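These notes are about the structure you will find just below.
The values are calculated or read from the model by the stated rules, or taken from the named source; none is laboratory data. If you're wondering where the values come from, they're calculated on a predicted model, not measured in any experiment. Every residue, glycine among them, receives a Cβ derived from its backbone with ideal geometry; neighbour counts consider all protein chains shown.
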Amino acid sequence: MDNANVAEQWARVDRLLDQVLAMAPSGRLAFVEACTGDDPRLRAEVLALMAEFDTRGDLLDRPAAEAVSRPSTISELQAGHRVGAYRVLSLLGRGGMGEVYRAERADGQFDQQVALKLLRHDAVEHLGRFVAERRILARLQHPGIARLYDAGITDDRRPFMVMELVQGVAITQWCASNGASLQARLELFLQACDAVAYAHRNLVIHRDIKPENVMIDGDGQVKLLDFGVAKLLTGSEDEPTRGAPMTLSYAAPEQLTLAPVSTATDVYALGVLLFQLLTDRLPWPTHRLPVAVAIDKMLHEAAPAPSAVARPDGSGPVGRRLLAGDLDAVVGKAMRKDPGERYATVAGLQADVRRHLAREPVLAREGARWYVFGRLLRRYRTAAIGTGMLLLALVAGLAGTTWQARRAEREAARATATKDFLLGIFSANDPRIASDRPRGQVTARELLDIGTARIERDFAGQPELQIELLGTTATIYGNLPDEERYAATQKRRMQLARAHYGPAHPVVIAGMVSEADAACLRQDYVRANQLLAESDGLLASSGQDDSVMRADWWRTKARALGAEANRKEERRRAIERANALYARLAPHGNGYAASLNMAARDSSEAGDHARARRLIEQALAAALSAPDRDDALIGLLHNNLARKLEKLGDFIAAESAYQRAEELARQTYGIHHANYWLTLAYHARMLHQRGERERANALFARMLAAIPADWKTNTNDHWARELYAESLAAEGRPAEAIPLFEASQASYLEKTQYEYDLREVRLKLGDAYDRLGRTADARRVLAAAHAEYLAREAPGSQPAMRMRERWGRFLLDHPEAVSVDLSRAEVEFRSVLASDGPPGAEAALAQAGLARIAVIRSGPNAALEHSRKALAMLEQVQGLHDARLQPRLWLLHSHLLLRSGDAKGARQWAVKALEASRRYDAPGAASLAEAETAVRVSTLTAARADRPGKPSASMH
């Protein structure tokens with residue numbers, strides 16, 4: 001069950017349980033039965049919780065032994081024990097209220113190991129806390145938080161939850177084992193902050209942040225665990241988690257005094273965690289002190305500065321010199337006794353850590369002029385060293401103050417000029433000002449045109465401001481999209497930048513890389529490569545190879561390489577180099593998110609969908625934490641996450657991700673932008689291949705209506721219609737699909753976005769020709785596609801296997817020389833089955849092809865063995881595949897059973913195929929006619945075989 005459904009289920013449980021417990025006991029059972037008549041799972045949850053409440057009474061007033069009817073001895077579940085749909089593998093750990101087991105899915109739906117947590121028999125007093133944890137986890141979906149997959153009640157009436165299995169070590173242990181640098185420790189800490197900040201945005205306080213609950217997985221990613229004592233900000237102070245257990249060393253003063261907690265409580269614990277990451281020590285040695293003394297120190301003594309406890313011999317993780325100043329101040333502010341004096345939010349704590357990493361002034365030390373100036377000096381690589389340090393600092397402070405004042409005046413003047421400029425533009429739309437056109441009717445695009453024309457006139461003497469405004473204007477034109485105005489505005493901006501800054505200035509180089517990226521979007525790869533070559537030399541000659549701009553360059557270079565055949569390895573290396581730079585220099589940014597997204601796409605194309613999903617989740621985390629948050633990019637990442645999820649077989653989560661992507665695309669770019677209608681296309685294709693034909697076609701209709709008739713940016717419009725055409729052909733409407741495929745082929749011949757576009761559409765077009773009976777056209781197009789796939793795709797890759805199976809099936813259907821084409825088809829099918837990749841739908845179809853060959857060469861009995869294997873293989877396919885493959889294989893099996901003399905069995909399989917085709921296919925589809933014929937023939941044959949004195953089919 002995905003998180004959204006779990007959350008909805010627990011919301012229903014909560015509401016119903018509140019109503020039930022407010023009633024007299026005599027009427028509760030009937031009320032629950034009436035409210036849950038159509039949902040037995042909901043009924044079971046509520047009745048189990050009612051039983052626990054009835055049994056335990058007031059657990060604060062009664063000993064636990066009196067409240068529990070079961071024995072208090074711990075009974076560990078053995079390997080193989082079933083809990084719902086899961087099979088226990090081994091015990092992972094035991095805590096105060098629960099046991100956690102490694103388990104696996106046991107119902108054949110998914111191949112997945114999970115963490116199974118259930119309430120211990122002897123811990124019924126913690127029932128409320130356990131239920132609260134399930135409710136809280138159900139509302140959290142973040143890459144840095146261990147996910148809740150499922151929940152339920154065991155046979156012995158204990159609640160359980162199924163969570164993501166995190167295999168890793170505590171953050172402090174990971175840092176020690178890997179000799180992590182200061183930057184690496186701070187980057188991991190920022191990841192932990194991301195997860196906590198997300199929980200806070202969802203009104204959840206963790207209340208037990210400590211290294212054991214901040215794990216680092218095998219990919220080096222943070223996972224926040226154990227919300228067992230977490231609290232909902234919307235909850236009452238009397239909820240089950242009040243007075244919950246705490247870990248003394250990380251507890252905030254308000255926890256120790258049982259005062260109300262808030263998000264500041266987690267800020268305090270994060271401060272302690274940061275202290276420990278920086279020093280390998282805790283602020284107070286609570287393990288060596290009596291509890292009362294330890295609590296007194298924590299309540300009344302200021303926390304020591306990290307630099308004060310750092311080892312003087314330099315053997316600690318971070319030297320004193322690096323801790324003194326910024327990091328001492330950040331930790332001190334996070335750990336202040338008064339919650340109101342700490343960082344107001346986790347985001348504030350994160351921002352200060354990032355300022356430190358960027359060598360910018362941290363707000364924790366706000367007010368020290370000499371410090372601010374010193375940080376500015378270091379940021380710009382200047383030092384003030386010597387015996388006259390104090391005097392120099394004072395002089396520099398005065399000079400810095402004067403300089404900053406002048407800079408502030410300039411900035412104020414620029415702000416005023418910009419404000420006047422904007423007011424001037426929007427006055428063009430002011431209905432109070434006379435004009436030859438009603439001004440309220442001027443569009444946003446027209447206002448942008450007005451503004452662009454005025455930049456040259458109004459800011460002729462301020463080139464920096466001109467360059468900045470033209471850059472913003474060009475970006476907006478690019479997003480509209482308006483290629484002509486984007487190109488003109490960007491060209492003028494670059495002319496001014498070169499004249500004012502020189503050819504190697506970062507503004508100039510960044511503009512060139514940005515323009516190259518835009519050229520890739522327009523599929524103008526000649527222009528993109530020209531700009532990349534020129535900017536490459538400038539980056540190298542100006543010493544900017546180790547910069548975020550170079551990371552942007554590598555990412556754009558990888559995009560350009562994606563359009564060229566046989567350069568996949570170069571593209572892979574380019575993405576790796578971009579990601580390495582981003583991870584070190586800008587891990588919280590949109591550039592890193594976009595680069596990780598490209599790596600995920602390539603992993604998915606290589607068949608590693610699990611890695612692709614991890615990369616997309618990492619990309620989402622980077623985009624969500626970016627200072628300049630881009631919701632359009634986040635929507636695109638949700639779309640791509642959905643595509644990875646569907647390939648892994650998690651269709652419920654995929655649908656949720658598609659819906660989120662559609663919502664963000666609509667809210668950012670609007671319904672006529674490719675981000676929106678491409679998401680609709682992918683979502684509709686998933687529904688169609690899952691057999692939800694009506695829902696899919698409704699989405700396709702919305703997609704077609706949203707695509708602009710004059711779309712010229714790239715070939716995305718043809719790709720969207722190609723997905724629609726693929727569905728049309730699959731459901732039995734190839735005549736409608738062929739014109740769309742042919743239009744895509746013509747467009748790709750003119751300019752291609754990805755190097756595989758042309759062979760992909762030819763495979764689909766050849767298939768549609770074959771379905772329509774245009775055999776000669778099908779042979780020509782499929783043969784060309786087959787040759788290109790084998791030349792361009794890696795041997796054994798899923799795209800190559802899909803092509804080989806389809807070509808083998810065509811040869812079998814339309815042999816020119818029977819014995820020759822039969823052998824050629826067999827070679828194709830056996831090549832598919834020999835692939836090392838995970839078994840896919842292609843393998844099941846190839847096995848069915850061997851069944852057809854076997855019935856010709858050896859008879860129906862040998863063929864049935866292949867057919868049974870094909871059916872079993874299709875059942876094992878987890879990722880997205882066309883549901884129509886199932887009735888196709890059922891029809892083949894029916895045919896073979898009929899040939900073997902089992903007419904009744906043949907009829908059963910034919911009826912199943914007909915029922916499925918009626919759900920999946922369009923009226924009049926050839927598949928329906930084939931299934932109807934199979935049912936009719938098998939029915940007549942079975943009836944004839946049952947007549948006395950009539951020979952059976954096997955006797956002919």
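For the condition within 25 Å of ARG567 (Cα to Cα), without any contact (Cβ under 8 Å) to a residue 40 or more places away in the chain, surrounded by fewer than 19 Cβ atoms within 10 Å (Cβ to Cβ) and not acidic (Asp, Glu), what is the one hit in ALA701, ALA705, ALA746?
Details: ALA701 fails: within 25 Å of ARG567 (Cα to Cα); ALA705 fails: within 25 Å of ARG567 (Cα to Cα).
It is ALA746.
Is it true that LEU188 is assigned by TED's automatic domain parsing to the domain that holds ASP219 and surrounded by 18 or more Cβ atoms within 10 Å (Cβ to Cβ)? Steps first, please.
On the way: assigned by TED's automatic domain parsing to the domain that holds ASP219: yes; surrounded by 18 or more Cβ atoms within 10 Å (Cβ to Cβ): yes.
Against the criterion (assigned by TED's automatic domain parsing to the domain that holds ASP219 and surrounded by 18 or more Cβ atoms within 10 Å (Cβ to Cβ)), LEU188 qualifies.
Can you tell me which residue within the stretch 277-315, out of those that are under 23 Å from VAL353 (Cβ atoms) and of a type in the set (D, E, K, R), is modelled with the lowest pLDDT?
ARG311
Being over 28 Å from SER797 (Cβ atoms) and in contact with a Gly (Cβ under 9 Å, 6 or more places away or on another chain) is the filter here; which residues of the stretch 588-628 pass it?
ALA621, ALA622, ALA623, SER625, ALA626, PRO627, ASP628
Condition test on GLY607, is it in a loop (DSSP other than H, G, I, E, B) and either closer than 30 Å to LYS491 by Cα or in contact with a helix residue (DSSP H, G or I) (Cβ under 7 Å, 6 or more places away or on another chain) (or both)? So that I can check it myself, show each step before the final result.
Numbers: in a loop (DSSP other than H, G, I, E, B): yes; either closer than 30 Å to LYS491 by Cα or in contact with a helix residue (DSSP H, G or I) (Cβ under 7 Å, 6 or more places away or on another chain) (or both): yes.
Answer is yes for this residue.
Inspect the stretch 657-680 for any residue being in contact with a His (Cβ under 6 Å, 6 or more places away or on another chain) and hydroxyl-bearing (Ser, Thr, Tyr) and give the result as yes or no. Before you say what the answer is, go through the steps one by one.
Initially, the stretch 657-680 is screened for residues in contact with a His (Cβ under 6 Å, 6 or more places away or on another chain), giving 657-658, 660-661.
From what's left, hydroxyl-bearing (Ser, Thr, Tyr): 658.
Yes: one or more hits.
Out of everything in the stretch 819-859 that is of a type in the set (Gly, Ala, Ser) and under 14 Å from ALA872 (Cα atoms), what residue ends up being surrounded by the most Cβ atoms within 10 Å (Cβ to Cβ)? Before the answer, list the steps.
Taking the stretch 819-859 first, the residues of a type in the set (Gly, Ala, Ser) are 819, 823, 825, 831, 834-835, 837, 840-841, 843-844, 846, 848-849, 851, 854, 858-859.
Next cut, under 14 Å from ALA872 (Cα atoms) only: 840-841, 843-844, 846, 848, 851.
Details: GLY840: 24, ALA841: 22, ALA843: 24, ALA844: 27, ALA846: 29, ALA848: 26, ALA851: 25.
Top of the filtered list is ALA846.
Return yes when SER917 is of a type in the set (S, T, N, Q), buried (at least 22 other Cβ atoms within 10 Å of the Cβ) and on the phi < 0 side of the Ramachandran plot and no when it is not.
The answer is yes for SER917.
Could you tell me which residue of the stretch 539-551 is surrounded by the most Cβ atoms within 10 Å (Cβ to Cβ), considering only residues that are without any contact (Cβ under 8 Å) to a residue 24 or more places away in the chain and at negative phi? Before you say what the answer is, go through the steps one by one.
In the first step, residues of the stretch 539-551 are kept if they are without any contact (Cβ under 8 Å) to a residue 24 or more places away in the chain; the result is 540, 543, 545.
The next check asks that each one be at negative phi; those that pass are 540, 545.
Numbers: ALA540: 11, ASP545: 13.
Taking the candidates together, the pick is ASP545.
Would you mention how many residues in the stretch 351-385 are part of a helix (DSSP H, G or I), among the β-branched types (Val, Ile, Thr) and either in contact with a strand residue (DSSP E or B) (Cβ under 7 Å, 6 or more places away or on another chain) or modelled with pLDDT of 80 or more (or both)?
Kept after step one, since they are part of a helix (DSSP H, G or I), are these residues of the stretch 351-385: 351-357, 363-365, 369-379.
Those still in the list that are among the β-branched types (Val, Ile, Thr) too: 353, 372.
Subsequent filtering for residues that are either in contact with a strand residue (DSSP E or B) (Cβ under 7 Å, 6 or more places away or on another chain) or modelled with pLDDT of 80 or more (or both) retains 353.
Qualifying residue count for the region: 1.
Among the candidates ARG527, ARG584, which residue alone is part of a helix (DSSP H, G or I) and touching a residue at least 60 places away in the same chain (Cβ under 8 Å)? Give the steps one after another, and end with the answer.
Details: ARG527 fails: touching a residue at least 60 places away in the same chain (Cβ under 8 Å).
After ruling out the rest, the residue left standing is ARG584.
Identify the single condition in (1) surrounded by fewer than 16 Cβ atoms within 10 Å (Cβ to Cβ); (2) not in a helix (DSSP H, G or I) that HIS881 does not satisfy, given that it satisfies every other one.
(1)
Test VAL362 against the criterion of being under 13 Å from LEU274 (Cα atoms) and either in the same structural domain as PRO253 (by TED's automatic domain parsing) or out of contact with any His (no Cβ under 6 Å at 6 or more places or on another chain) (or both), and give yes or no.
Details: under 13 Å from LEU274 (Cα atoms): no; either in the same structural domain as PRO253 (by TED's automatic domain parsing) or out of contact with any His (no Cβ under 6 Å at 6 or more places or on another chain) (or both): yes.
No; evaluated as a whole, the condition is false for this residue.
Yes/no matrix, rows are residues, columns are (1) of a type in the set (A, V, I, L, M); (2) in contact with a Ser or Thr (Cβ under 9 Å, 6 or more places away or on another chain); (3) assigned to a helix (DSSP H, G or I); (4) surrounded by fewer than 17 Cβ atoms within 10 Å (Cβ to Cβ):
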| position | (1), (2), (3), (4) |
| --- | --- |
| HIS500 | no, no, yes, yes |
| SER514 | no, yes, yes, no |
| GLN523 | no, yes, no, no |
| TRP553 | no, yes, yes, no |
| LYS557 | no, no, yes, no |
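Collect the residues in the stretch 655-672 that are without any contact (Cβ under 8 Å) to a residue 40 or more places away in the chain and either crowded, with 19+ Cβ neighbours inside 10 Å or on the phi > 0 side of the Ramachandran plot (or both), keeping them in residue-number order.
Scanning the stretch 655-672 gives GLU655, ALA657, TYR658, ARG660, ALA661, GLU662, LEU664, ALA665, GLY670.
Please determine whether any residue of the stretch 541-553 is of a type in the set (Lys, Arg) and at pLDDT 90 or above. It would help to see each step written out before you state the result.
Initially, the stretch 541-553 is screened for residues of a type in the set (Lys, Arg), giving 550.
Of the ones still in play, those that are also at pLDDT 90 or above are 550.
Yes.
If ALA785 satisfies every condition in (1) touching a Phe, Trp or Tyr at 6+ places or on another chain (Cβ under 9 Å); (2) farther than 22 Å from VAL832 by Cα but one, which is the exception?
Against the list (1) touching a Phe, Trp or Tyr at 6+ places or on another chain (Cβ under 9 Å); (2) farther than 22 Å from VAL832 by Cα, ALA785 comes up short only on (2).
Which members of the stretch 860-869 meet the condition of being among the aliphatic types (A, V, I, L, M) and either surrounded by 24 or more Cβ atoms within 10 Å (Cβ to Cβ) or in contact with a Pro (Cβ under 6 Å, 6 or more places away or on another chain) (or both)?
Residues of the stretch 860-869 that are among the aliphatic types (A, V, I, L, M), as a first pass: 862-864.
Within the stretch 860-869, ALA863 is the sole residue that qualifies.
Going by the structure shown, is ARG804 among the charged types (D, E, K, R) and out of contact with any helix residue (DSSP H, G or I) (no Cβ under 6 Å at 6 or more places or on another chain)?
Working: among the charged types (D, E, K, R): yes; out of contact with any helix residue (DSSP H, G or I) (no Cβ under 6 Å at 6 or more places or on another chain): no.
The answer is no for ARG804.
What's the total number of residues in the stretch 316-350 that are in a loop (DSSP other than H, G, I, E, B) and either of a type in the set (Gly, Ala, Ser) or closer than 23 Å to SER181 by Cβ (or both)?
Initially, the stretch 316-350 is screened for residues in a loop (DSSP other than H, G, I, E, B), giving 316-319, 324-325, 335-338, 342-345.
Among the residues that remain, those that are also either of a type in the set (Gly, Ala, Ser) or closer than 23 Å to SER181 by Cβ (or both) are: 316-319, 324-325, 344.
The qualifying residues number 7.
Please state which one of LEU645, LEU637, LEU687, LEU699 is in contact with a helix residue (DSSP H, G or I) (Cβ under 8 Å, 6 or more places away or on another chain), farther than 25 Å from ARG919 by Cα, assigned to a helix (DSSP H, G or I) and not small (Gly, Ala, Ser). Walk me through how you get there before you give the answer.
Values: LEU645 fails: farther than 25 Å from ARG919 by Cα; LEU687 fails: farther than 25 Å from ARG919 by Cα; LEU699 fails: farther than 25 Å from ARG919 by Cα.
From the options LEU645, LEU637, LEU687, LEU699, the qualifying one is LEU637.
Anything in the stretch 191-212 that is over 19 Å from the mean Cα position of the chain (by Cα), surrounded by fewer than 23 Cβ atoms within 10 Å (Cβ to Cβ) and more than 15 Å from TYR268 (Cα to Cα)? List them, or say none.
Answer for the stretch 191-212, where residues must be over 19 Å from the mean Cα position of the chain (by Cα), surrounded by fewer than 23 Cβ atoms within 10 Å (Cβ to Cβ) and more than 15 Å from TYR268 (Cα to Cα): LEU203, GLU212.
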